[in-house]
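Beneath this line is the structure, given in structure tokens, with notes to follow.
Derivation of every value follows stated rules applied to the coordinates shown; laboratory data play no part. All values derive from a computational prediction rather than experimental measurement. Please note: Cβ atoms are built from the backbone with ideal geometry, for glycine as well, and neighbour counts cover all protein chains shown.
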Amino acid sequence: MKVVEKYRKKRHTLEALKLDALRECNFGTWEGLSRAEVLARSPQDAHHLLEWERDLAIAPPAGERFADMQRRVCAAVEQLAQAHSAQTIVLVAHVGPIKVLLCSAMGAPLTSSLRIFLDPATISVVDWQDMAHATVRLVNSHAHLGWQEARWIPLV
């Protein structure tokens, strides 16, 4: 949220709002852990993680189901799109909410979100009239960062 606060202080005509509905998924007891750390934590956690990766209807221990995150994020975007029709809306969010929006816009299963890689601070663009008429125009753009290539492409 520091990015939003930084831009709130700049002179412009943009309205910056903090919407709780656009927060990252609650990963419960896995919060802040890498996949490798969850796998190494215990046999139960390893089993649960593998099950969760196959079926996102399962929640992480004491966490939130991806399907629930998708519902709240899409509902918030639908409300924003209706309230600001014919306007451009910029959302700043973690990768989870962005991934579920991309899946929703493409009509892709939620498990597809695990196959989408998003670098930090990149731009994805979705024309969102409503969920039935959404169009993905851009995913994971680095152009504004001035990178010669994506960070994950190995340098030779």
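Here are a few things to note about the model shown:
- Span-like helix ranges in the chain, DSSP H, alpha carbon extent 20 angstrom or more, Kyte mean at least -1.0: 66-83
- Charged neighbours of ARG23, selected by a Cβ distance under 11 Å, balance to -1 (K, R count +1; D, E count -1).
- Other-chain or far-sequence residues with amide H under 5 Å of VAL139's (modelled H): VAL125
- Exposure proxy ranking, count of Cβ atoms within 10 Å, fewest first, for THR135, THR29: THR135, THR29
- Other residues with beta-carbon under 12 Å from the beta-carbon of ALA46 carry, at +1 per Lys or Arg and -1 per Asp or Glu, a net charge of -2.
- Peptide ranges 19-27, 91-99 listed from the most packed, as the mean C-beta count within 10 angstrom indicates: 91-99, 19-27
- A viscosity of 0.692 mPa s and a temperature of 37 °C, combined with the Kirkwood radius over Cα pairs in Stokes-Einstein, give a translational diffusion coefficient for segment 11-111 of 217 µm²/s.
- Nonlocal amide H pairs with HIS94, under 5 Å, H built at 1.01 Å: GLU24
- Positive contributions from Lys and Arg (+1) and negative ones from Asp and Glu (-1), summed over other residues with Cβ under 13 Å from the Cβ of THR88, come out at -1.
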